[in-house]
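Only one structure is covered here, and it is reproduced in the block below.
The values are calculated or read from the model by the stated rules, or taken from the named source; none is laboratory data. What you see is a predicted model, and the numbers here were worked out from it, not measured in a lab. Ideal geometry is used to build each Cβ from the backbone, glycine not excepted, and the neighbour counts take in all protein chains shown.
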Amino acid sequence: MPSAPLVRAVFGALVLATVAAFFITQRLKSSAPVVERVRLQAHVSPNGDGRKDEATLRFDLPEPREVTVAIVDSSNEEVRRLADERRLGRGRHFLTWDGRTDAGGVAAEGLYRARVALPSEARAVISARPVLLDRTRPVPRIVSVRPLPGRGASIRFSGRSASPPLFRVYRTDSGDPSEAVEVARFRAEGDARTGRWDGLADGRPAPEGIYAFAVTIRDPAGNVGSAPERLPPTPGGAMEASGVSVTRAAVRGPLEPIAAGAVATFAVRTPLDRYRWSLTRVGAPRPIARGRTTGEPLTVRLPPRAPTGLYALRVEATGDRAVFPVAVRGRPGRRAGARRGLPLVVLPTITWQGLNRVDDDADGFADTLDTAASVDLDRPFALGEAPSGYREEVEPLMAFLAAEEAKYELTTDLALARGVGPTLAGRTGVVLPGAERWLPQALLERLADYTRGGGRLATFGADDLRRRIQLDGDRLSDPAPIGPANVLGERTRPVHIAPAPLVVTGDRIGLFARTDGFIGLFSRFEETERLPAGARVVAAGERERPALVAYRLGRGLVVRVGARGFSRALVGTAADAEVASVTRSLWTLLSR
């Protein structure tokens with residue numbers, strides 16, 4: 001056991017050491033600091049984009065010193081040494097850190113501080129404020145785009161920007177849908193999360209069309225993020241509620257036949273509440289009904305004696321117009337079955353809506369069955385114009401039939417698919433006046449069974465009966481890819497060559513009986529590559545291969561008019577006597 005004198009000696013030494021340390025500490029506290037005002041930049045983002053790729057360190061030396069400067073992590077472990085026992089003079093000094101470690105790699109995201117040490121004095125000062133190393137891009141999201149009264153739109157987004165957000169406006173319907181064209185850009189005020197588009201594109205009022213919006217923000221570290229992530233936006237990367245359609249006038253209406261004497265209801269939108277409207281049969285000189293009204297819905301009572309045919313509802317306000325095609329079924333004659341034996345004309349409303357370039361989900365891009373998984377049936381036609389193929393295929397043929405006072409029954413493919421109105425049963429012939437690009441599988445099979453079972457089918461559209469679609473209520477979905485042959489088994493191919501007439505190479509049914517053997521003047525064709533199994537050609541007009549062809553299939557007859565522009569050559573200044581003669585002969589075949 002230690003002796004008492006030894007214990008007293010050790011205790012005295014400890015007391016003296018404690019007193020000495022106290023006086024040294026007090027002296028250091030009262031002496032001037034050796035490093036002053038150590039400041040470190042708040043953010044650094046070493047991603048090579050030229051914005052805050054380096055962090056600046058500033059410190060002051062009251063007198064010349066040898067210093068060692070390092071960046072340390074939250075555990076005070078050294079990450080990067082910026083200066084090693086370097087002699088620096090009195091005054092302010094600056095060093096930069098590029099966000100990398102001594103090993104050369106980029107440091108992990110997180111908080112770092114600067115440590116300025118004086119090796120000769122075993123003293124160091126650590127910056128009070130850390131630097132945040134942040135390489136993550138901000139992720140804004142466009143929450144809504146709301147059209148403003150008159151012109152323009154309000155765009156709201158989520159996310160915070162360290163500088164005024166930049167908005168861009170792209171038009172997406174003026175060409176290739178994958179190539180959006182920037183037409184305007186503007187900044188929000190301050191860090192506001194709402195921007196206002198003035199409705200100008202390239203300095204002028206934006207024309208009717210579809211527009212997509214994008215917002216770009218910058219976080220405090222200088223990282224830039226956009227919504228959508230990639231610019232310009234694409235259909236696949238666009239978000240719902242990030243676009244707007246500029247449309248002056250629009251009409252939505254029924255896609256199934258309306259009976260004469262019934263009331264048809266339409267949804268109408270125009271720049272002004274008051275507008276004019278008219279309902280005119282295609283090929284007729286005057287409307288069967290017209291008026292002026294306000295608001296919506298627009299209800300139109302069809303005259304009881306309105307004849308069967310294709311009609312056009314037109315609305316107009318302040319020079320802005322919109323049109324919507326309407327199928328009207330005239331009342332039957334006195335005999336109950338007066339219309340049952342007539343040819344059935346089937347309007348291609350499914351394809352019209354499938355190709356309708358309207359933005360269903362407001363993502364700034366048109367939704368068609370070529371680009372989207374589904375489309376809505378209950379929508380106006382884009383820009384208030386007639387649907388695709390209407391002017392070139394359907395309208396001229398229907399006007400010709402009206403002028404010829406041809407007798408027929410009328411329906412739409414949508415009505416057939418839903419089992420509403422006239423059916424295929426008992427028809428002397430079925431006419432498809434426009435492209436039937438998509439049809440439900442069940443309807444495709446019914447058309448094939450009708451034809452093979454003894455029916456007569458005439459088609460005037462291109463690329464017919466080769467794609468399946470699902471019909472679910474008011475939506476078309478799951479468009480199937482194009483098949484190698486149509487539902488009848490015929491293979492065709494598109495051809496574009498110098499304009500010339502079709503040459504008749506055979507005719508056993510009198511289809512070309514009243515012609516000189518040369519039909520029209522065409523440059524675009526859909527030629528037959530291979531007929532269905534068991535088919536026999538009974539009439540053909542061709543260039544290199546049959547393009548206007550009739551063939552027996554089972555107990556039925558198929559007439560495919562594969563010359564583009566054939567229907568346009570029936571009426572107006574482009575009318576061609578040979579084309580009209582073939583059409584009259586075809587109608588005779590379909591009517592008996």
Here the residues within segment 518-544 that are in contact with an Asp or Glu (Cβ under 9 Å, 6 or more places away or on another chain) and surrounded by fewer than 16 Cβ atoms within 10 Å (Cβ to Cβ) are Phe518, Glu529, Arg530, Glu544
Over segment 189-215, the set of residues more than 18 Å from Gly243 (Cβ to Cβ) and hydrophobic (A, V, I, L, M, F, W, C) is Ala192
Picking from Pro254, Pro233, the residue that is within 18 Å of Arg156 (Cα to Cα), in a loop (DSSP other than H, G, I, E, B) and in contact (Cβ under 8 Å) with a residue 60 or more places away in the chain would be Pro233
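Mind listing whichever residues of segment 481-502 are touching a residue at least 12 places away in the same chain (Cβ under 8 Å), part of a loop (DSSP other than H, G, I, E, B) and of a type outside the set (S, T, N, Q)?
Of the residues in segment 481-502, the ones touching a residue at least 12 places away in the same chain (Cβ under 8 Å) are 481-483, 485-502.
With the extra rule that they be part of a loop (DSSP other than H, G, I, E, B), the set shrinks to 481-483, 485-490.
Scanning segment 481-502 gives Pro481, Ile482, Gly483, Ala485, Val487, Leu488, Gly489, Glu490.
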Across segment 449-473, the tally of residues that are closer than 17 Å to Leu355 by Cβ and either part of a loop (DSSP other than H, G, I, E, B) or not assigned by TED's automatic domain parsing to the domain that holds Ser567 (or both) stands at 8
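When you check Arg456 against the structure, is it farther than 19 Å from Gly429 by Cα and either buried (at least 21 other Cβ atoms within 10 Å of the Cβ) or acidic (Asp, Glu) (or both), yes or no?
Numbers: farther than 19 Å from Gly429 by Cα: no; either buried (at least 21 other Cβ atoms within 10 Å of the Cβ) or acidic (Asp, Glu) (or both): yes.
So Arg456 does not fit the description; no.
Just the residues that are part of a strand (DSSP E or B), in contact with a helix residue (DSSP H, G or I) (Cβ under 7 Å, 6 or more places away or on another chain) and either of a type in the set (Asp, Glu) or over 12 Å from Glu490 (Cα atoms) (or both), please, taken from segment 528-556. Give the steps one after another, and end with the answer.
So the first thing to find is which residues in segment 528-556 are part of a strand (DSSP E or B), and the list is 528-530, 536-542, 546-553, 556.
Cutting the leftovers down to in contact with a helix residue (DSSP H, G or I) (Cβ under 7 Å, 6 or more places away or on another chain) gives us 553, 556.
Gly556 - this is the single residue of segment 528-556 that is part of a strand (DSSP E or B), in contact with a helix residue (DSSP H, G or I) (Cβ under 7 Å, 6 or more places away or on another chain) and either of a type in the set (Asp, Glu) or over 12 Å from Glu490 (Cα atoms) (or both).
Based on what the data block shows, is Ser278 touching a residue at least 24 places away in the same chain (Cβ under 8 Å), outside any loop (DSSP other than H, G, I, E, B) and within 29 Å of Asp363 (Cα to Cα)? Show your work before the answer.
Values: touching a residue at least 24 places away in the same chain (Cβ under 8 Å): yes; outside any loop (DSSP other than H, G, I, E, B): yes; within 29 Å of Asp363 (Cα to Cα): no.
No.
For Gly429, state whether it is modelled with pLDDT under 95 and touching a Lys or Arg at 6+ places or on another chain (Cβ under 9 Å).
Details: modelled with pLDDT under 95: no; touching a Lys or Arg at 6+ places or on another chain (Cβ under 9 Å): yes.
So Gly429 does not fit the description; no.
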Log entry, pairs with first residue in segment 512-539 being without any contact (Cβ under 8 Å) to a residue 12 or more places away in the chain and outside the structural domain of Trp587 (by TED's automatic domain parsing), second being loosely packed, with under 13 Cβ neighbours inside 10 Å and of a type in the set (Gly, Ala, Ser), beta carbons closer than 7 Å, six or more apart or on different chains, reads none
*Consider Arg248 carefully, then state whether it is more than 30 Å from Arg314 (Cβ to Cβ), part of a loop (DSSP other than H, G, I, E, B) and either without any contact (Cβ under 8 Å) to a residue 24 or more places away in the chain or touching a strand residue (DSSP E or B) at 6+ places or on another chain (Cβ under 8 Å) (or both).*
no
Among residues of segment 416-443 being assigned to a helix (DSSP H, G or I) and of a type in the set (Gly, Ala, Ser), the residue farthest from Pro484 (Cα to Cα) is Ala417
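Among the listed residues Leu82, Leu111, Leu132, Leu95, identify the single one that is exposed (fewer than 15 other Cβ atoms within 10 Å of the Cβ), hydrophobic (A, V, I, L, M, F, W, C) and in a strand (DSSP E or B). I'd like the intermediate steps shown before the answer.
Numbers: Leu82 fails: exposed (fewer than 15 other Cβ atoms within 10 Å of the Cβ); Leu132 fails: exposed (fewer than 15 other Cβ atoms within 10 Å of the Cβ); Leu95 fails: exposed (fewer than 15 other Cβ atoms within 10 Å of the Cβ).
Only one candidate qualifies: Leu111.
Can you confirm whether Thr56 is in contact with a helix residue (DSSP H, G or I) (Cβ under 6 Å, 6 or more places away or on another chain) and surrounded by 13 or more Cβ atoms within 10 Å (Cβ to Cβ)? It would help to see each step written out before you state the result.
Working: in contact with a helix residue (DSSP H, G or I) (Cβ under 6 Å, 6 or more places away or on another chain): no; surrounded by 13 or more Cβ atoms within 10 Å (Cβ to Cβ): yes.
Taking the combined requirement at face value, the residue does not satisfy it.
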Per the filter on segment 342-378, residues modelled with pLDDT of 95 or more and aromatic (Phe, Trp, Tyr) are Trp352
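State all residues of segment 440-467 that are of a type in the set (D, E, K, R), under 25 Å from Thr371 (Cβ atoms) and in contact with a Leu (Cβ under 7 Å, 6 or more places away or on another chain); if no residue qualifies, say none. Even if it seems obvious, please write down each step before you answer.
First pass over segment 440-467, keeping only residues of a type in the set (D, E, K, R): 445-446, 449, 452, 456, 463-464, 466-467.
With the extra rule that they be under 25 Å from Thr371 (Cβ atoms), the set shrinks to 463-464, 466-467.
The one that is of a type in the set (D, E, K, R), under 25 Å from Thr371 (Cβ atoms) and in contact with a Leu (Cβ under 7 Å, 6 or more places away or on another chain): Asp464.
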When (1) in a strand (DSSP E or B); (2) not assigned by TED's automatic domain parsing to the domain that holds Arg51 are applied to Arg151, the one that fails is (1)
Picking from Val300, Val268, Val326, the residue that is hydrophobic (A, V, I, L, M, F, W, C), surrounded by 20 or more Cβ atoms within 10 Å (Cβ to Cβ), assigned to a strand (DSSP E or B) and in contact (Cβ under 8 Å) with a residue 60 or more places away in the chain would be Val326
(1) without any contact (Cβ under 8 Å) to a residue 40 or more places away in the chain; (2) part of a loop (DSSP other than H, G, I, E, B); (3) closer than 29 Å to Ile509 by Cα all hold for Arg446 apart from (2)
